[in-house]
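Peer 1: Below: one structure in structure tokens.
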Amino acid sequence: MITVEHLTKCYGDFTAVSDLSFEIDEGHVYGFLGPNGAGKSTTMNIMTGCLSATEGCVRINGHDIFEEPEQAKRAIGYLPEQPPLYMNETPAEYLRFVGEAKGLKGRELQRQIEEVLRQAKIGHVKDRLISALSKGYRQRVGIAQALLGNPEVIILDEPTVGLDPIQIIEIRDLIRQLGENHTVILSSHILSEVQAICEKVLIISQGKLVAFDRPENLEKLLLASNGISFTAEASEEEIGEVLGGISHIAEWEIQVQEDGGTKVFARTESENVKDICRELFFAFADRKKAILEISSRKANLEDVFIELTEGESGVTEE
Ligand code: ADP
Ligand code: MG
């Protein structure tokens, strides 16, 4: 449905997006995940025809966004990072204006305005000034304008930024609902957000695509960082012998403690961390050595993100 090929965008001699290629299929919720400055907004602006590319192309349903902008843009509804709302208008007036700009008229325009007011759940505030609405409601107005013209794809740039926790939950629910009959692409620098809403995640770092997968597979990508920490009453040598006999432990670090215990942090690429803990327990018990404490940690998307975007600033900013 959307094909992005070798997309590059340079601002002067700074490359904001570098040789980005991916495909978006119909009917899923996709997440662009990346720290601030990764190139998410630049990519979205190019995909929606709001910004030119230095190199590469974007095709929407086979239509090149630069060569056949009308056909291509008809399939897309876009909520930019800064929604272009007119504060001294009401949602009803604003949606009429946007609808007309999208070529809707008369009864069809009226019907669609009512439909998007309903979908974005803003019918009851449609005659208030936008300036008097909360940030959450303004964001809904922005989503409503993206829905006008009934596009197949809805692109939302950081739709929950600046909202309070309750508004965030409401907007996420709305996005999930939209995902039932649209292809939705949203961007976010918040991991838990894409994990909660998206079926597929594109991780963008320094203008490059570093991963494109389902959230659960991205976790698998970094299974090697599943870790088990334990303290055993055993010597460094004995610990090496035990760990060497356990199949899924690839590497470990040892810290001899002053009180005679030895602290170990072991990594495993196995998903069944519990089984390995059990194996460790009995291996030490067989040697009559006590494990004083043991804990395990599964990698999550956060680890994948940090690993893949390592070296960038602002990674954990939220
Ligand atoms: P994101 O949306 O992921 O935070 P952006 O796409 O907004 O990232 O920006 C990517 C990079 O391009 C950033 O380093 C940003 O400073 C730079 N950039 C964005 N727009 C411009 C511009 N108009 N001129 C120069 N640099 C820009
Ligand atoms: Mg941005």
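Peer 1: Please state which one of 205, 192 is within 12 Å of ligand 1 (Cβ to nearest atom), more than 26 Å from residue 92 (Cβ to Cβ) and of a type outside the set (A, V, I, L, M, F, W, C). So that I can check it myself, show each step before the final result.
Peer 2: Working: 192 fails: within 12 Å of ligand 1 (Cβ to nearest atom).
Just one listed residue meets the conditions, 205.
Peer 1: Which of the helices (runs of 4 or more DSSP H) contained wholly in region 173-261 include at least 3 residues that are acidic (Asp, Glu) and over 19 Å from residue 299 (Cα atoms)? Before you say what the answer is, go through the steps one by one.
Peer 2: Values: elements: 191-197, 215-221, 236-244.
Answer list for region 173-261: 236-244.
Peer 1: Does residue 104 satisfy being within 16 Å of ligand 2 (Cβ to nearest atom) and not in a helix (DSSP H, G or I)?
Peer 2: no
Peer 1: Considering only region 283-318, state which residues are modelled with pLDDT of 85 or more and either part of a loop (DSSP other than H, G, I, E, B) or surrounded by 12 or more Cβ atoms within 10 Å (Cβ to Cβ) (or both).
Peer 2: Initial filter on region 283-318 (modelled with pLDDT of 85 or more): 283-296.
Of everything in region 283-318, those that are modelled with pLDDT of 85 or more and either part of a loop (DSSP other than H, G, I, E, B) or surrounded by 12 or more Cβ atoms within 10 Å (Cβ to Cβ) (or both) turn out to be 283, 284, 287, 288, 289, 290, 291, 292, 294, 296.
Peer 1: Return yes when residue 11 is of a type in the set (Ser, Thr, Tyr) and over 25 Å from residue 307 (Cβ atoms) and no when it is not. Break it down stepwise before answering.
Peer 2: Working: of a type in the set (Ser, Thr, Tyr): yes; over 25 Å from residue 307 (Cβ atoms): yes.
Yes.
Peer 1: Sort out which residues of region 46-86 are within 10 Å of ligand 1 (Cβ to nearest atom) and touching an Asp or Glu at 6+ places or on another chain (Cβ under 8 Å), and write them in order of number.
Peer 2: Taking region 46-86 first, the residues within 10 Å of ligand 1 (Cβ to nearest atom) are 46, 51, 81.
Listed by number, the list holds a single entry, 81.
Peer 1: Kindly indicate the residue of region 24-50 that is within 16 Å of ligand 2 (Cβ to nearest atom) and surrounded by fewer than 16 Cβ atoms within 10 Å (Cβ to Cβ) and also modelled with the highest pLDDT among those meeting that condition.
Peer 2: Here is the first cut: in region 24-50, the residues within 16 Å of ligand 2 (Cβ to nearest atom) are 30-48, 50.
Going one step further and asking which of them are surrounded by fewer than 16 Cβ atoms within 10 Å (Cβ to Cβ), we end up with 36, 50.
On the way: 36: 88, 50: 94.
Filtering region 24-50 for residues that are within 16 Å of ligand 2 (Cβ to nearest atom) and surrounded by fewer than 16 Cβ atoms within 10 Å (Cβ to Cβ), the one modelled with the highest pLDDT comes out as 50.
Peer 1: So residue 150 fits all but one of (1) more than 18 Å from the chain's Cα centre (by Cα); (2) crowded, with 19+ Cβ neighbours inside 10 Å; what number is the exception?
Peer 2: The number of the failed condition is (2).
Peer 1: Now for a separate question. Considering each residue of region 146-159, count those that are part of a strand (DSSP E or B) and within 15 Å of ligand 2 (Cβ to nearest atom), and give that number. Don't jump to the end; show me each part of the working.
Peer 2: Filtering region 146-159 down to residues part of a strand (DSSP E or B) leaves 153-157.
Remaining after also requiring within 15 Å of ligand 2 (Cβ to nearest atom): 155-157.
Final tally of qualifying residues: 3.
Peer 1: Okay, next question. Looking for whichever is within 30 Å of residue 216 (Cβ to Cβ), out of contact with any strand residue (DSSP E or B) (no Cβ under 9 Å at 6 or more places or on another chain) and among the basic types (Lys, Arg) here; the options are 172, 107, 176. Which one fits?
Peer 2: Only one candidate passes the filter, namely 172.
Peer 1: Ok, one more. What number goes with the only condition from (1) among the small types (Gly, Ala, Ser); (2) crowded, with 19+ Cβ neighbours inside 10 Å; (3) within 16 Å of ligand 2 (Cβ to nearest atom); (4) at positive phi that residue 162 does not pass?
Peer 2: (2)
Peer 1: Here is a check on your reading of the model: is residue 143 in a helix (DSSP H, G or I) and crowded, with 20+ Cβ neighbours inside 10 Å?
Peer 2: Values: in a helix (DSSP H, G or I): yes; crowded, with 20+ Cβ neighbours inside 10 Å: yes.
Yes.
Peer 1: Also: How do the pairs read when you match residues in region 171-200 that are within 16 Å of ligand 2 (Cβ to nearest atom) and at pLDDT 90 or above with residues anywhere that are in a helix (DSSP H, G or I) and small (Gly, Ala, Ser), using Cβ under 8 Å and keeping only pairs 6 or more apart or on different chains?
Peer 2: As it stands, the answer is 187/41, since those pairs meet every condition given.
Peer 1: Residue 74 passes all but one of (1) farther than 20 Å from residue 158 by Cα; (2) of a type in the set (Lys, Arg); (3) crowded, with 20+ Cβ neighbours inside 10 Å; which number fails?
Peer 2: Among (1) farther than 20 Å from residue 158 by Cα; (2) of a type in the set (Lys, Arg); (3) crowded, with 20+ Cβ neighbours inside 10 Å, the lone unmet condition for residue 74 is (3).
Peer 1: Of the numbered conditions (1) surrounded by fewer than 16 Cβ atoms within 10 Å (Cβ to Cβ); (2) within 15 Å of ligand 1 (Cβ to nearest atom); (3) at negative phi, residue 21 fails exactly one; give the number of that condition.
Peer 2: (2)
Peer 1: If I go through region 73-97 residue by residue, how many of them are more than 16 Å from ligand 2 (Cβ to nearest atom), modelled with pLDDT of 95 or more and not in a loop (DSSP other than H, G, I, E, B)?
Peer 2: The qualifying residues number 9.
The values are calculated or read from the model by the stated rules, or taken from the named source; none is laboratory data. As the structure is a computational prediction, the values presented were derived from the model and not from experiment. Positions of Cβ are generated from backbone atoms using ideal geometry, with glycine treated the same way; all protein chains shown enter the neighbour counts.
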